[in-house]
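Participant: Just dropping this structure here.
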Amino acid sequence: MTFFRLALPASLALAGLSAACAADHHGDGHGDNHAVSEATASLIDRNREVVGSARFQQGPTGVLITIEMDGLPDSATGWHGSHLHAIGDCSNEDFTSSGGHINVDGQAHGLLNPDGPDNADMPNVYVHSDGAARAQIFTNLVSLNGEYGAPALLDGDGSAIVFHDNADDHMSQPIGGAGARHVCGVIEAAE
Ligand SMILES: [Cu+2]
């Protein structure tokens, strides 16, 4: 009986610890070992207007990204290169604050490049003439928290999703001829 009376406080202490870990899930996404399973990005254009959102869901073998954009101008109709950039910062005018592509092994750019792809590479997204885009992209070249050895989007300096002015040809260097950065979103752990 003495043994059981001693064991009870220990189990209460464990319950307290796991409650603290659960709270960390809703923190800033950094500095703990508890995997965030979902992230979001609010997408802004160069006028700093919100034009849509992206949702990132971590699966067992990759990240499913759901993209919705509306109200883009006529000039945006067509295919646009989409990439994952290395810094979670869309603060400057041309979005170069988001850094270059996530590329941990120095791979060439391009989903069709025999020396690629880099970790940032994703298919193009089509913007329709009504200014809307809807897409789902699945990539195992990155992860939210370092799953399956892929670089973490939610690392110390964060990451950004970027849509370029032009289509990505998935071959030429350094970014497939995709041109300037048109839309940018900082990827943040979901609440
Ligand atoms: Cu890019």
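Participant: Taking only pairs six or more apart or across chains, which ones have beta-carbon atoms under 6 Å, a first residue in the stretch 47-69 that is free of Cβ contacts under 8 Å to residues at least 24 places away in the same chain, and a second residue that is charged (D, E, K, R) and part of a strand (DSSP E or B)?
Facilitator: Gln57/Glu38
Participant: Sort out which residues of the stretch 83-121 are buried (at least 23 other Cβ atoms within 10 Å of the Cβ) and closer than 16 Å to Met171 by Cβ, and write them in order of number.
Facilitator: His83, His109, Asp118, Ala120, Asp121
Participant: Continuing with the same structure: Is one or more of the residues making up the stretch 148-155 crowded, with 19+ Cβ neighbours inside 10 Å and within 12 Å of the ligand (Cβ to nearest atom)?
Facilitator: No: zero hits.
Participant: Mind listing just one residue for me: the one in the stretch 28-45 that is at pLDDT below 95 and closer than 24 Å to Ser97 by Cβ and, of those, most open to solvent (accessible area, probe 1.4 Å)?
Facilitator: This residue is Asp28.
Participant: Go through the stretch 55-77 and give me each residue that's in contact with a Phe, Trp or Tyr (Cβ under 7 Å, 6 or more places away or on another chain), more than 16 Å from the ligand (Cβ to nearest atom) and open to solvent by less than 60 Å² (accessible area, probe 1.4 Å).
Facilitator: Gly62, Val63, Leu64
Participant: Out of the residues in the stretch 171-191 that are aliphatic (A, V, I, L, M) and in a strand (DSSP E or B), which is farthest from the ligand (Cβ to nearest atom)?
Facilitator: Ala189
Participant: Run down Asn166, Asn92, Asn113 and say which single residue is under 14 Å from Arg181 (Cβ atoms) and more than 13 Å from the ligand (Cβ to nearest atom).
Facilitator: None of the others qualify; the one that does is Asn92.
Participant: While we're on this one: Restricting to the stretch 91-141, give me the number of residues that are over 22 Å from Leu64 (Cβ atoms), among the hydrophobic types (A, V, I, L, M, F, W, C) and in contact with a strand residue (DSSP E or B) (Cβ under 7 Å, 6 or more places away or on another chain).
Facilitator: Total satisfying the criteria: 1.
Participant: I'm trying to understand the selection: among the residues of the stretch 155-191, which are within 16 Å of Asp121 (Cα to Cα) and acidic (Asp, Glu)?
Facilitator: Asp165, Asp168, Asp169
This table checks each residue for (1) outside the structural domain of Ala41 (by TED's automatic domain parsing); (2) over 17 Å from Ala76 (Cα atoms); (3) in contact (Cβ under 8 Å) with a residue 40 or more places away in the chain; (4) out of contact with any helix residue (DSSP H, G or I) (no Cβ under 8 Å at 6 or more places or on another chain).
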site	(1), (2), (3), (4)
Leu111	no, yes, yes, yes
Asn124	no, no, yes, yes
Gly131	no, no, yes, no
Phe138	no, yes, yes, yes
Gly149	no, yes, no, yes
Ile175	no, yes, yes, yes
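Participant: Within the stretch 78-89, take every residue that is assigned to a loop (DSSP other than H, G, I, E, B) and in contact with a His (Cβ under 8 Å, 6 or more places away or on another chain) and give me the one that is nearest to the ligand (Cβ to nearest atom).
Facilitator: Gly81
The values are calculated or read from the model by the stated rules, or taken from the named source; none is laboratory data. The shown structure was predicted, so the numbers you read here are calculated from the model rather than taken from an experiment. Ideal geometry is used to build each Cβ from the backbone, glycine not excepted, and the neighbour counts take in all protein chains shown. Heavy atoms of the whole protein, side chains included, go into the accessibility calculation; ligands, DNA and RNA do not. Shrake-Rupley method; radii C 1.70, N 1.55, O 1.52, S 1.80 Å.
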